[in-house]
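Engineer: Sending over a structure as structure tokens; questions will come in a sec.
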Amino acid sequence: MNILHRYISQALIRGWTIILAILTSIFGLLAFVEELDRVRARYQTIDALLYVAGTLPQIAMDLAPIIALLGTMIALAGLARNSEIIAMRAAGISSSQFVGAMLIPSLGLIVTLYLFGEFVAAPMQQRAEEQRSVQRTGKGNILKGRGLWMTDGEQFLNVSKLRQGAIPAEINVYQLDNEGRLAEYIHARRADPGKDRSWILHNIMRKRISSDGTMETKRQKTMEIGPFWAPDEIPVLPLPTSTMPLVSLYGYIQYLKSTGQPTKKRELSFWKRATLPLSAGLMILLAIPIGTNLGSQRSTEYAKKLAIGALIGIAFYLLTRIIRTLGLVLGLPVLVTTILPLLLILVSALVLLRHMR
């Protein structure tokens with residue numbers, strides 16, 4: 001059985017790799033052509049190319065269910081066309097054993113997608129989005145490490161970081177006296193900007209310097225200062241949720257809840273990304289009965305069946321996306337709109353597997 005596992009694994013990996021190369025090339029080219037429309041004096045063609053290159057891993061992640069579906073079908077259709085599946089069954093390998101042999105590479109793909117999405121795709125897209133923001137808007141001091149600066153009379157505000165592209169963090173406030181000397185220094189771990197431009201600072205350390213040079217240090221949980229920027233005036237474009245690792249996205253959702261802001265779209269994005277590798281695994285399960293029944297030796301019949309099988313699988317994938325969109329429009333619970341499509345694919349795959357020849 002070890003030989004069988006290796007052989008099937010190699011066939012699946014080849015199929016996935018072929019579809020990955022084809023789809024990422026097509027969608028990457030389309031993304032580059034679309035990005036060329038944004039080329040200006042500040043944002044050059046090479047910048048657009050680098051941006052698209054940085055987003056290709058995330059494009060591949062978004063296409064992972066389709067890649068898993070079509071790659072599995074290609075692999076199994078090849079085995080069926082060469083009568084290798086018939087030979088396996090003639091050797092005493094049952095349908096359940098055949099499906100079991102596909103579990104190891106499928107589980108490996110699911111784990112790989114989780115790790116790739118968290119540690120490769122999301123960070124690379126975040127870097128690409130940040131660099132594009134710098135090149136297109138010229139408002140990228142925060143992204144270059146110099147921080148954002150603003151002055152209000154004798155008070156100077158410095159924001160060192162923007163967590164998730166929108167939450168001010170590591171804030172420094174410098175208050176000067178009438179003679180231009182530093183009178184007070186405030187450091188806060190993060191801030192909640194208000195629409196009235198007032199900021200609520202959290203986890204604060206204040207240092208006051210008296211006229212004789214002595215310094216008094218005080219810590220407090222919160223304080224209000226301002227006016228500074230309103231949330232929509234912070235001069236760095238917010239980064240899409242697809243650039244956030246899941247842990248950061250979850251923290252951002254909790255932050256939005258704590259400040260009374262809407263979270264449903266971001267919760268849907270979180271669960272969609274969290275279940276995307278599982279969705280790819282279920283697409284493999286759906287592709288098994290479709291791919292193994294494509295055994296015709298006639299090229300035209302083979303191609304026709306392969307195209308029909310691919311359309312069936314893609315239709316299931318699109319249906320899951322429609323369900324999620326309708327759930328958002330109708331105000332259904334996020335978990336319902338996330339789990340329902342997965343259950344639909346699972347039930348359909350199990351029904352087809354029971355009738356698999």
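The values are calculated or read from the model by the stated rules, or taken from the named source; none is laboratory data. As the structure is a computational prediction, the values presented were derived from the model and not from experiment. Here Cβ is always computed from backbone atoms with ideal geometry, including for glycine, and neighbour counts include all displayed protein chains. Side chains included, ligands, DNA and RNA excluded: accessible areas come from the protein's heavy atoms. Shrake-Rupley method; radii C 1.70, N 1.55, O 1.52, S 1.80 Å.
Engineer: Mind grabbing the accessible area of LYS272 for me, 1.4 Å probe, Å², rounded to tens?
Structural biologist: Rounded to the nearest 10, that gives 70 Å².
Engineer: Here's a follow-up. Near the amide H of LYS161, under 5 Å away, which other amide H atoms are found, from residues 5 or more places off or on another chain, if H is placed in the peptide plane?
Structural biologist: ALA169
Engineer: Grab the DSSP H runs of the chain that are 4 residues or longer, score each as -39,500 (n - 2.57), total them, divide by all residues and round the 222 nm result to the nearest 500 deg cm²/dmol.
Structural biologist: Computed ellipticity for the chain at 222 nm equals -20000 deg cm²/dmol.
Engineer: To the nearest 0.05, how large is the calculated FRET efficiency for LEU319 and GLN155 if R₀ is 51 Å and r is the Cβ-Cβ distance?
Structural biologist: Working: r = 56 Å, r/R0 = 1.09.
The value I calculate is 0.35.
Engineer: Moving to a separate point now. Would you kindly state how much longer the chain becomes between ASN82 and VAL111 on full extension, computed as 0.36 nm times their sequence separation minus their alpha carbon distance, in nm to one decimal?
Structural biologist: That works out to 7.4 nm of additional length.
Engineer: In whole percent, and with a 1.4 Å probe on the protein chains, what portion of the accessible area of the chain is carbon and sulfur?
Structural biologist: It is 62 percent, rounded to a whole number.
Engineer: Enter the accessible area per residue of the chain (Å², integer; probe 1.4 Å; all protein chains in place).
Structural biologist: Per residue, the chain has an accessible area of 53 Å².
Engineer: Report ³J(HN,Hα) in whole Hz for each residue of segment 44-57, in order, from the Karplus equation J = 6.51 cos²θ - 1.76 cosθ + 1.60 where θ = phi - 60°; Gly and Pro get x.
Structural biologist: So the Karplus estimates, Gly and Pro as x, are 8, 4, 5, 5, 5, 5, 5, 5, 4, 4, x, 9, 4, x Hz.
Engineer: I'd like the distance between the alpha-carbon centres of segment 186-222 and segment 258-274, rounded to an integer number of Å.
Structural biologist: 31 Å
Engineer: Rounded to the nearest 10 degrees, what's the angle between the helix 246-258 long axis and the longest principal axis of the chain, both from Cα atoms, 0 to 90?
Structural biologist: With both axes taken from Cα atoms, the answer is about 50 degrees.
Engineer: Taking the chain as a Gaussian network, Cα atoms linked when under 10 Å apart, which of GLY92, GLY54, GLY327 shows the biggest mean-square fluctuation?
Structural biologist: GLY92
Engineer: Lysine pairs in segment 171-296 with Cα distance under 25 Å, only those 8 or more apart or on different chains: how many are there?
Structural biologist: 10
Engineer: Using Cα atoms only, what is the angle between the long axis of helix 103-116 and the major principal axis of the chain, expressed in degrees (0 to 90) to the nearest 10?
Structural biologist: Compared with the principal axis, the helix lies near 20 degrees.
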